[in-house]
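Below you'll find the structure, written out as structure tokens, and then a few comments.
The values are calculated or read from the model by the stated rules, or taken from the named source; none is laboratory data. Remember, predicted model here, so these are calculated numbers, not experimental data. Methodologically, a virtual Cβ is constructed for each residue, glycine included, from the backbone with ideal geometry; neighbour enumeration extends over all protein chains shown. All accessible areas refer to the heavy atoms of the entire protein, side chains included, with ligands and DNA or RNA removed. Shrake-Rupley method; radii C 1.70, N 1.55, O 1.52, S 1.80 Å.
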Amino acid sequence: MRPYLLYSDGKGNIFEDTSLYTVGRSGWDALPVEEADWIELPEGGSLYELPDRRGIGIDVKTGEMRICEKGWAVAAFIPPAHTGLYMAAFEALPDAQTLPLFCYTAAGWYDNKFYVTAVRIERDIRQECSGYNDTKIQAGVEHMLEAYPHNRLVQHLANNCALTYHCPAARNYFMGRWECPIPSSPACNANCIGCISFQPETEEIFSSQDRLTFKPTAAEIVEYTVPHLETAPYPIVSFGQGCEGEPLLMWETIREAIIEIRKHTQKGSININTNGSKPDAVAKLVEAGLDSIRVSLNSVRPEVYTKYYLPNNYKFEDIIESLRIVRQSGGWASINYFVFPGMTDSVAEYEALREVIKYTDLSMIQWRNFNIDPDWYLGKINVADTGEFLGVRQLMDLIHEEFPNVKFGYYNPPAERMKNFETDFAH
Ligand code: SF4
């Protein structure tokens, strides 16, 4: 199977170009995609027109690579639980605007269906779009706002996260299930180029959501999280969300909250999604009862990491230390790995990843799609050549072969899965 290239007429209509087979992008390169790397576009995925960009394909007759002049390039935004193996291949016109913070996976048309280059990396169905019920969410919002009339966090989760941003974690909270978000920090000690909660006015793009504007108290956190841990199936409460800065800047409040939560319940697990910048604070949170950590990163190479995160007063080694501290205390440590084909699967990155896994005794890699304009990203971190690469699927196979205990997925596992990762929970 070789899917045909897709193009848009600029009016929201998408067509296949049967004179061109679609290709994938890795780093700056366009290349043919192997048959095994294509899957049907999963439910919940969507297609994007890429304005002022021409798609690249292989001529069906000549086998030559060329540009599609019929319209604008098209890419897929693949749903959670799936990892993209190649980006959409395109050539941008000189005055093309920077694309918003979404992932742009290669897509094509075959046998009357849309196909994408991706793999399902996670069995958990917590963010399947078919699993959400707006009526239940609305009822949950009304119930929680009534139950906690003075809780600013519940108001934020209701009015902003669930009803405005349609955040999957907040919607699960109001459906009384699984992972419950705890945003806590209005500030951050990093300046990520593709930050989803804050973009400088000088940038062309906008953050997908606004950053939290207040510092919650430990009491506000405890009030709504204890009932969730007590009643939800496979309950997790997670500090560190897309609508805030860095939670470790609020570690004293978080520690107080963890201690208080554990006075009321031993159920479920307490997780923190973080940039991992303050290992000392992480050690204090582990002491208080933190069960798992997820450190987000675009790369495990210090120079590539630093050019993207632009850290204030911390260094790459600090984030690695945070992972190690949690593992040494018997906790679960994941990396939230922003997968960028050509960079993540470069030989240099692979070698660095092996060392990080060995040094930290890492529990899990969450293979996330990097939501960023590829040209903009590589330009911003000043990468003209991404070097030799393995292919994302081959990278996964090599890591799995050498480190079979390192779990692969997309979400923070509940306590049951941290104990036995093969636990298969029918929600
Ligand atoms: S660590 Fe998170 S909140 Fe801070 S700049 Fe980066 S993406 Fe934004």
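Thr423 accessible area, nearest 10 Å², 1.4 Å probe?
Roughly 40 Å² of Thr423 is accessible to a 1.4 Å probe.
At R0 = 45 Å, how high is the FRET efficiency between Asp111 and Glu317 if r is their beta carbon distance? Nearest 0.05 is fine.
E(calc), rounded to 0.05, equals 0.35.
As a test of reading the structure, rank Arg54, Arg393, Arg417 by solvent-accessible area (1.4 Å probe, protein chains only), most first. Write down the numbers at each step before the final one.
On the way: Arg54 55, Arg393 80, Arg417 10 Å².
So, going from the largest accessible area down, we get Arg393, Arg54, Arg417.
Once fully extended, how much extra length lies between Ala384 and Ile39, figured as 0.36 nm per residue of separation less the alpha-carbon to alpha-carbon distance?
Numbers: separation 345, 0.36 × 345 = 124.20 nm, distance 3.03 nm.
121.2 nm is the gain from fully extending Ala384 to Ile39.
Determine which lysines satisfy two conditions relative to Lys113: a Cα distance under 27 Å, and not lying fewer than 8 residues away in the same chain.
Lys11, Lys61, Lys70
Computed on alpha carbon atoms, what radius of gyration and Dmax characterise the chain, expressed in Å?
Cα-based Rg and Dmax for the chain come out at 21.6, 70 Å.
Run the simple label-point estimate for Thr231 and Asn159 please: 7 Å along Cα→C-beta, distance reported in nm.
Reported label-point gap for Thr231 and Asn159 is 2.3 nm.
Which value, in Å², gives the accessible area per residue of the range 172-279 when a 1.4 Å probe is used on the protein heavy atoms?
So the range 172-279 comes to 37 Å² accessible per residue, rounded to a whole number.
Based on the Cβ-Cβ distance from Asp280 to Leu310, what FRET efficiency comes out when R0 is 25 Å, to the nearest 0.05?
On the way: r = 22 Å, r/R0 = 0.87.
In this case the efficiency is close to 0.70.
Spelling out what I want: for every residue of the range 149-166, take phi, set θ = phi - 60°, compute 6.51 cos²θ - 1.76 cosθ + 1.60 (Karplus), and round to whole Hz; glycine and proline get x.
Couplings: x, 10, 8, 5, 5, 5, 5, 5, 4, 6, 6, 8, 5, 6, 8, 9, 7, 6 Hz.
Fully extended, how many nm does the chain gain between Lys263 and Thr202 (0.36 nm per residue separation, minus their Cα-Cα distance)? Walk me through the numbers on the way to the answer.
On the way: separation 61, 0.36 × 61 = 21.96 nm, distance 4.67 nm.
Separation in residues times 0.36 nm, less the Cα-Cα distance, equals 17.3 nm.
At 7 Å along the Cα-to-beta-carbon direction for both Ile125 and Lys70, put a label point, then send me their distance in nm to one decimal.
3.7
Within straight cross-link reach of Lys284, meaning Cα distance under 14 Å, which aspartates and glutamates are found once same-chain residues fewer than 8 apart are removed?
Glu252, Glu256, Glu321
Would you list which lysines come within 23 Å of Lys278, measuring only between C-alpha atoms, while excluding same-chain residues fewer than 8 positions from it?
Cross-link targets: Lys215, Lys307, Lys315, Lys358.
In square angstrom, rounded to the nearest 10, how much accessible surface does Glu16 have for a 1.4 Å probe?
Glu16 has an accessible surface of roughly 70 Å² with all protein chains in place.
Select from Pro32, Leu20, His166 the residue farthest towards the positive end of the dipole of the chain; place +1 on Cβ of Lys and Arg, -1 on Cβ of Asp and Glu, and compute about the Cα centre.
Farthest towards the positive end: His166.
For the chain, which cysteines have no second Cys with its Cβ under 4.7 Å from theirs?
When partners are defined as cysteine Cβ atoms under 4.7 Å apart, the chain leaves Cys68, Cys103, Cys129, Cys180, Cys188, Cys243 without one.
Would you mind telling me the antiparallel percentage of the DSSP bridges in the chain, rounded to 5? All intermediate terms of the calculation are to be shown ahead of the outcome.
Values: 40 of 67 bridges.
Percent antiparallel among DSSP bridges in the chain is about 60.
Provide the gained length on full extension for the span Thr18 to Leu93, in nm with one decimal, where the gain is 0.36 nm per separating residue minus the Cα-Cα distance.
On the way: separation 75, 0.36 × 75 = 27.00 nm, distance 2.32 nm.
Extending this stretch completely gives an extra 24.7 nm.
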